[in-house]
1. Could you order the peptides 149-161, 316-328 from most to least packed, using the average number of other C-beta atoms within 10 Å per residue?
2. How high is the relative contact order of the chain, in percent, counting Cα pairs under 8 Å that sit 6 or more residues apart?
3. May I ask for the Kirkwood hydrodynamic radius of region 232-352, worked out over all distinct Cα pairs and given in angstroms to one decimal?
4. So what is the diffusion coefficient of the chain in µm² per second by Stokes-Einstein at 37 °C and 0.692 mPa s, using a Kirkwood Rh over Cα pairs?
5. For region 73-150, state which trypsin sites (Lys or Arg not before Pro) are in a DSSP loop and have at most 12 other beta carbons lying within 10 Å of their beta carbon.
6. Over region 154-229, with a single point scatterer placed on each C-alpha, what log10 of the ratio I(q)/I(0) does the Debye formula yield at q = 0.24 1/Å?
7. Can you compute the charge dipole magnitude of the chain about its Cα centre, using +1 on each Lys and Arg Cβ and -1 on each Asp and Glu Cβ, nothing else charged? Give it in debye, rounded to the nearest 20.
8. Along the charge dipole of region 358-403, Cβ charges K/R +1 and D/E -1, which of Gly382, Ile394, Pro372 sits furthest on the positive end?
Amino acid sequence: MKRRIVVLLVACLFAVSGMAQKNFDTYFEKKSLRVDFALSGNAVYQTAAVQQLREEPVWGGPRRNLTDPFEYGGYLVRVYDKATGELIYSRGFNTLFEEWRTTEQAKTEVQSWTNSISVPFPKQAISLEILGRNKEDMKFSPLLKQEIDPASIFIDRGKLKDNKITRIQYKGDPASKVDLVFLAEGYTADEQDKFIADARRFTESLFITPPYNSRKNDFNVWAVGLVSEESGTDVSGSGIYKNTALNSGYYTFGLDRYLTTPDIKSTRDAVWNVACDNIFILVNSDTYGGGGMYNFYAMGTADNKQTAVVFVHELGHSLAGLADEYFTSEVAYDEDFYNIKLEPWEPNITTLVNFDSKWKDLLSPGAPLPTPDDEAHKDMTGVFEGGGYLAKGIYRPKVHCMMRDYGPFCPACTRAIHQMIDYLSDK
Ligand SMILES: [Zn+2]
């Protein structure tokens with residue numbers, strides 16, 4: 001019996017040491033290896049293929065927190081030291097391609113989309129793996145594995161366009177701060193001052209919103225002044241097409257208010273020389289709309305009345321991996337965007353399949369499960385049915401939240417935001 005306990009203890013110690021973070025300087029230089037890759041496929045299958053490798057001069061991500069404890073997102077990049085096989089870096093992310101795979105179009109067409117991820121630049125040969133999450137069991141499987149020699153002549157080390165970079169807020173070394181980067185989209189050469197003013201206004205609105213108001217010192221904020229030939233953005237459903245830096249537009253997947261860009265190459269080119277943990281593409285338009293994908297980018301318009309809250313909502317997706325808690329609006333996805341037989345990965349919704357992994361410890365005393373949406377329970381943290389675009393089978397933590405209807409963030413979202421800020425600022 002005693003021996004068994006010892007064996008268990010050793011197993012626990014091994015598990016903990018396996019998770020221990022690696023020493024950045026042993027494996028990496030303070031630069032980035034950018035990997036552009038295609039995801040191709042349809043509703044049923046997907047494949048990945050490398051398009052280009054680039055050495056870029058800045059690494060703005062954490063230097064202590066190198067292996068991702070959250071593993072949010074539909075994809076995961078893992079970097080192994082080739083000589084020892086040790087996992088030395090990992091990070092989860094989402095893509096727009098993954099959403100496209102859930103649309104009607106993906107049932108009859110095959111498409112290929114460009115994506116991009118940056119990892120710290122390795123000192124020695126690595127093995128880089130891109131994994132996708134299976135819909136059947138929510139686990140990750142490899143889509144691509146490739147050895148990369150950091151001295152290879154096949155890595156592009158060239159400079160790209162020097163866009164004007166403005167410090168909106170600087171609180172310290174990018175490794176220990178969340179570096180939020182605004183990109184100008186649909187601002188002409190004459191509108192660059194407006195872009196900086198808009199980025200400042202958005203920054204102010206973020207840092208008066210809880211919980212960001214208590215974390216202002218953990219952020220650097222940058223603005224990259226991309227010049228567009230024309231003002232605004234595409235509204236393809238109305239026949240409007242503008243020549244803009246990042247090729248953005250409404251009517252993503254046919255939905256009028258869904259504003260995104262598939263042009264990830266231009267988006268990553270724009271941040272090649274700036275410390276970047278998170279991208280917000282600010283679109284010079286007054287029309288309601290936006291979008292945001294975890295560790296990919298978020299987007300919103302500068303001049304709509306609801307702009308400030310749309311920004312904070314979309315940043316919830318792109319920074320903290322939060323799900324939409326609404327379930328009554330029109331969306332482009334099939335009803336099977338979430339499989340209610342499996343626990344989703346997002347921290348603020350649950351199918352109750354594995355509620356222990358979510359906000360069980362934050363429940364209000366006496367909250368029944370599920371929690372009725374009525375007067376007696378309206379202020380409780382509970383398990384309210386409806387969320388993730390589904391009225392049945394998915395549950396959210398509070399009646400109202402920024403991720404549902406622009407109310408204050410619920411306790412589960414608040415905690416997830418704090419955890420991500422801690423991670424990205426190397427706490
Ligand atoms: Zn919430």
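The values are calculated or read from the model by the stated rules, or taken from the named source; none is laboratory data. Every value quoted in this text rests on a predicted model; they were computed, and no experiment measured them. FYI the Cβ positions are ideal-geometry reconstructions off the backbone, even for glycines, and counts take in every protein chain you see. The area values use the complete protein model at the heavy-atom level, side chains included, leaving out ligands, DNA and RNA. Shrake-Rupley method; radii C 1.70, N 1.55, O 1.52, S 1.80 Å.
1. Numbers: 149-161: 11.1, 316-328: 22.8.
In descending order of packing, they fall as 316-328, 149-161.
2. On the way: 978 pairs, mean separation 61.0, N = 427.
The value is 14 percent.
3. Details: mean 1/r = 0.0649 Å⁻¹.
Radius from the Kirkwood sum: 15.4 Å.
4. Details: Rh = 22.4 Å.
Result for D is 146 µm²/s.
5. On the way: sites: Arg78, Lys82, Arg91, Arg101, Lys107, Lys123, Arg133, Lys135, Lys139, Lys145; in loops: Lys82, Arg101, Lys123, Lys135, Lys139.
Those satisfying the criteria are Lys139.
6. -1.07
7. Numbers: 47 positive and 57 negative charges, 338 e Å.
Around 1620 debye, computed over the chain.
8. Final value for the positive-end residue is Ile394.
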